[in-house]
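**Q** There's a structure below that I have some questions on.
The values are calculated or read from the model by the stated rules, or taken from the named source; none is laboratory data. Predicted, not measured: the structure shown is a model, and the values here were computed from it. Glycine also receives a Cβ, built like all others from the backbone with ideal geometry; neighbour counts cover every protein chain displayed. Surface areas here come from the heavy atoms of the whole protein model, side chains and all, with no ligands, DNA or RNA. Shrake-Rupley method; radii C 1.70, N 1.55, O 1.52, S 1.80 Å.
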Amino acid sequence: MNQPAITYFALIAPACVVLFGFALLTCWYVQRRQPQAVFLLWLSGSFMSLATALALQSLMSNAQLGQFALATACLYLMGCWSLAQGMSLRLRGKGVSVSGGLLIASVTLAVLFYYSQLENNLLLRIQSLAFAMALMQALALPAFVQLKPAQDWVESLVRWTYGISVGYALFRPLAVSLLPVNELQELTRSGYWAFAQVMALVFAMLFTVGLLACSVRDMVTNLRDERNRDPLTRLLNRRAFMEAGQSVLADRRLAPWALVAVDIDHFKRINDNWGHAAGDQVLVQLGQLLPQQVRDKDLVARFGGEEFILLLNRVQMSEAHPVVDRVRMQMRAHAFEHLPERIRMTASFGIVPVRSAEELAEALCQADALLYAAKRAGRDCVQAAMTVARPIDDEHAAIESVADTALSA
Ligand SMILES: Nc1nc2c(ncn2[C@@H]2O[C@H](COP(=O)(O)OP(=O)(O)OP(=O)(O)O)[C@@H](O)[C@H]2O)c(=O)[nH]1
């Protein structure tokens, strides 16, 4: 590989791709405790592999390209498979087909062996390798089906860059067949080679910039979630609810509002009878049940222990009561996993109207007071401001309430 100094300029593109690979590796290292960050490792490996192949080939004559055709093809194919693997893991948390990758690789290597060792045909080697690389990248395309819309332009940039790079890779075999014969005389000194390098660099750059921006955004979102979400139920915590509540109550279009305090009845018995883990599961499932029963824009928070708070938008008290009663009945009818089938949980509720952000703290105290009035009234009931407690109805009478459960159950 004795080359004039000018040839080493061809190493600029692969060197940049290696740097991008290191940037992705660093990004993975920072987030390594999060299992989903592993896609960054695959993408970094992909960049390293592709850059190594590109660098090696840039230093080779046509004769050496034939001699090392299988080794460089392995690097290219591994690079493209890792790229597809990383992208698929990122988009749907599931990798691409290993057997599909092995099949493409074995067929391609067999073709390359034939056209490098048995019959020397550079054009067919380039075409078959380019086509195989496109197929490898296309292995990630199922992840694009039924994908949620991108949440911002950076996410769109990453997706589009990948999609265009698959399209470009599919177009390359055709482009190669249109090359003038003299371009193939000394491939790695040709205009085609320079163009391929520039394209590799542009895609790697756009892809990396987009991915790094997405990673930073994800890290900020995770940190915000850590701060704002209850770790068990993933609902808003008290601090985040107070913040979000202030802004909801400042938006007059969402008026009038109702604040609901919810507390599971006899929750201690769940812990005592079936263990703390079962108690945690009840909280998790209630954390899923409550948001399903209210509108998307309503706020649902866990204030600690077995107490939850709802802030309902655009409801008069007369409308809020039936909504909350429906939640109460759902709760009663719900068969909680990790508890015996016969056991049903109930909850008590207090509802108050809220007219402004300034009233929020006071409304919370009132809702809490009504909630405890509901407990005193026998539990499994709704106490609304200016209303009397509804008696416990006898639906599901055949089902054992946790209140009836002996500690030895
Ligand atoms: N499993 C689990 N238990 C919790 C959690 N937070 C609080 N608890 C338990 O919740 C129970 C609450 O008990 P109490 O305040 O006596 O209320 P209760 O048994 O629901 O009775 P009433 O509210 O009067 O109907 C306590 O035993 C707490 O230890 C949690 O995150 N997970």
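**Q** Can you list the helices (runs of 4 or more DSSP H) found entirely within the stretch 1-84 that contain at least 3 residues being free of Cβ contacts under 8 Å to residues at least 60 places away in the same chain, in contact with a Ser or Thr (Cβ under 8 Å, 6 or more places away or on another chain) and not acidic (Asp, Glu)?
**A** Output list reads 12-30, 38-58.
**Q** Let me ask something else. Taking the criterion of being among the aromatic types (Phe, Trp, Tyr), open to solvent by 10 Å² or more (accessible area, probe 1.4 Å) and under 20 Å from residue 126 (Cβ atoms), would at least one residue in the stretch 59-73 satisfy it?
**A** yes
**Q** Can you give me the number of residues within the stretch 235-247 that are within 16 Å of the ligand (Cβ to nearest atom) and in contact with a Leu (Cβ under 9 Å, 6 or more places away or on another chain)?
**A** Selection size over the stretch 235-247: 2.
**Q** Let me ask something additional. In the stretch 248-287, how many are without any contact (Cβ under 8 Å) to a residue 12 or more places away in the chain, more than 9 Å from the ligand (Cβ to nearest atom) and open to solvent by 50 Å² or more (accessible area, probe 1.4 Å)?
**A** Of the residues in the stretch 248-287, 2 are without any contact (Cβ under 8 Å) to a residue 12 or more places away in the chain, more than 9 Å from the ligand (Cβ to nearest atom) and open to solvent by 50 Å² or more (accessible area, probe 1.4 Å).
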